[in-house]
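Shown next, in structure tokens, is the structure this report addresses.
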Amino acid sequence: MAPSTPLLTVRGSEGLYMVNGPPHFTESTVFPRESGKNCKVCIFSKDGTLFAWGNGEKVNIISVTNKGLLHSFDLLKAVCLEFSPKNTVLATWQPYSTSKDGTAGIPNLQLYDVKTGTCLKSFIQKKMQNWCPSWSEDETLCARNVNNEVHFFENNNFNTIANKLHLQKINDFVLSPGPQPYKVAVYVPGSKGAPSFVRLYQYPNFAGPHAALANKSFFKADKVTMLWNKKATAVLVIASTDVDKTGASYYGEQTLHYIATNGESAVVQLPKNGPIYDVVWNSSSTEFCAVYGFMPAKATIFNLKCDPVFDFGTGPRNAAYYSPHGHILVLAGFGNLRGQMEVWDVKNYKLISKPVASDSTYFAWCPDGEHILTATCAPRLRVNNGYKIWHYTGSILHKYDVPSNAELWQVSWQPFLDGIFPAKTITYQAVPSEVPNEEPKVATAYRPPALRNKPITNSKLHEEEPPQNMKPQSGNDKPLSKTALKNQRKHEAKKAAKQKLKAIEQLKEQAATGKQLEKNQLEKIQKETALLQELEDLELGI
């Protein structure tokens, strides 16, 4: 039996408190409200049974199920907290500072035993970025990036380094999710004309020239984001440069790479030029969605062969969010966009709803896979702070607006382990709600007085593209005649051949500028003659 809807934690200038989820939305008695503006950080454990927060004096841990205080630590300056996956360890981080006489500062990263409250280990961790050690899901492994190496500890014994992964200047690493055998992706930035690269290893096989499961090298990378899929079979790498030397983009340049643990790798060919705003894996681990291109941006679902499966066309969006069960996808335009959302049934590629969450700075799916949280938080925006809870069909079920003299800093769902909430059948009918949906009116474009009484022409600055299914259809449609089916197949084959030839032409242009092409790209160029012949045969009706 599934539990009631998860709690909601709210942190702001009005204090720290919890709210019961749908359908109640009342303040929860699990956690007595802590007033004041001193709460800097709060976090649930991965399974939602523990809750920790720092109030500027102490870091406290409570049991959400028993409503009891477990431990209290004297950590005045703690600004980061994290539980290990099985609730064995609480990691805390305080800003690093040196003494006035120039001597080294005291360790600022502490690892506490949640059961006993004792400090297991302290480290010096100067940067907040990637401050937290990474654990495997069973806590057999724990890893830290130290002086361009990855140090591995086993079974939470932090007094002995069990293994080291040493490459020249490892900048970042990501442990794989899921069960053993554990894998690790590492990123080494390029220097002195050499390319950057990402390598995949299986723990603890790090030694020797052939130890890596896979390797992907690339130029044009000042930083990377590495994303494992849930089954730990592949990694997506978003490589970014801080500056686009061609001057085409304010955002710098981004490329998307695919690396599998079986050694396969590829550049994901994105059909529209421009920034890559977001890339997310479906929980099925068999497909991913990319949001990219100059506005209006495109969004496309790709399979593990990096072939497009469904193209959502263009629209005002810069983010994508799969539901916990992977059956619903939200495409959204937040930040400098107006907050339009598109909620899609990704099994049938059918649009469910198009709600608008203006000025949103935060979005999160509820673990039940039915409810959505959007919020406007400071310091990103200091006006109109508040949050809304939606049903995915577009209904606002609850909203809270912070008073004009107050701020909202954080709002988040209580997490639950996978499988606690079963997936439900998708509904397209908006669920009933007593909260009015105050969708903002679309502002009409300015028209000079001389044109106000004249007909409006439909010229557009950007040509909008509609959604398009990229894979063969199978359904209950009326079967086509043999002639119609033959013509349809011929049309699709011609279209596919033309698209491939266009892609080959782009690759040839890149090669002409001196860009180093991948193996799969070179193979694609070699198919040009065969494709031209195929297209000629189709035109002649052969």
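Defining a contact as two alpha carbons under 8 Å apart and six or more residues distant in sequence, what relative contact order in percent does the chain show?
8 percent
How much net charge surrounds V279 when only other residues with a Cβ under 14 Å from its Cβ are counted (Lys, Arg +1; Asp, Glu -1)?
0
Can you compute the helix-only [θ] at 222 nm over the chain? Use -39500 (n - 2.57) per DSSP H run of at least 4 residues, normalise by all residues, nearest 500 deg cm²/dmol.
Taking each H run of at least 4 residues, the total per residue is -3000 deg cm²/dmol.
Which residues make up the longest stretch of the chain clear of chymotrypsin sites (Phe, Trp or Tyr not before Pro) that lie in a DSSP loop with no more than 14 other Cβ atoms within 10 Å, not counting the sites?
On the way: sites that count: F219, Y250, Y428, Y446.
That gives 1-218 as the longest site-free run.
Taking only the alpha carbons of region 23-133, what extent do you get along each of the three principal axes, in Å, biggest first?
In descending order, the Cα extents are 56, 31, 23 Å.
Under a 5 Å amide H to amide H cut-off, with H placed in plane at 1.01 Å, what residues pair with E465 once short-range neighbours are removed?
T314
I'd like the Karplus ³J(HN,Hα) series for region 121-132: coefficients 6.51, -1.76, 1.60, θ = phi - 60°, whole numbers in Hz, and an x wherever there's a Gly or Pro.
Each residue of region 121-132 in turn: 6, 10, 10, 8, 10, 6, 9, 6, 4, 6, 5, 8 Hz.
With θ set to phi - 60° and the Karplus curve 6.51 cos²θ - 1.76 cosθ + 1.60, what are the ³J(HN,Hα) couplings of region 185-201 in order, to the nearest whole Hz, using x for Gly and Pro?
Those phi angles translate into 9, 10, 10, 10, x, x, 8, 6, x, 7, x, 6, 8, 10, 10, 10, 10 Hz.
Shape call for region 1-60 from the C-alpha gyration tensor, a ≥ b ≥ c root eigenvalues: rounded (a/c under 1.5), prolate (a/b greater than b/c) or oblate?
oblate
Assuming 0.692 mPa s and 37 °C, estimate D for region 325-426 with Stokes-Einstein, Rh taken as the Kirkwood radius over Cα pairs, in µm²/s.
The calculation lands on 228 µm²/s.
Cα convex hull of region 192-306: mean projected area in nm², to one decimal?
For region 192-306, the mean projected area of the Cα convex hull comes to 8.0 nm².
Give me the tail of P(r) for the chain as a percent: Cα-Cα pairs with distance above 41 Å.
Taking all Cα-Cα pairs of the chain, the fraction more than 41 Å apart is 31 percent.
Which value in Å does the Kirkwood hydrodynamic radius of region 361-405 take, with 1/r averaged over all unlike C-alpha pairs and then inverted? It would help to have the intermediate numbers written out before the result.
Details: mean 1/r = 0.0905 Å⁻¹.
With all distinct Cα pairs of region 361-405 included, I get 11.1 Å.
From the Cα gyration tensor of region 58-210, with a ≥ b ≥ c the square roots of its eigenvalues, which class applies: rounded if a/c is under 1.5, or else prolate if a/b is larger than b/c, or else oblate?
It comes out oblate by the Cα gyration axes.
Extent of region 149-213 along each principal axis, from alpha carbon coordinates, in Å, largest to smallest?
41, 24, 21
When we measure straight from the Cα of K86, which lysines land under 16 angstrom away, once same-chain ones fewer than 8 places off are left out?
Within the straight-line cut-off, K86 pairs with K46, K115.
On the first, second and third principal axes, largest extent first, how far apart are the outermost C-alpha atoms of region 268-383 in Å?
So the three principal-axis extents are 45, 34, 22 Å.
Where a number appears in this text, it was derived from the coordinates with a stated rule and is not lab data. Everything numeric here is computed off the predicted structure, so don't read it as measured data. Positions of Cβ are backbone-derived with ideal geometry, glycine not excepted, and every protein chain shown enters the neighbour counts.
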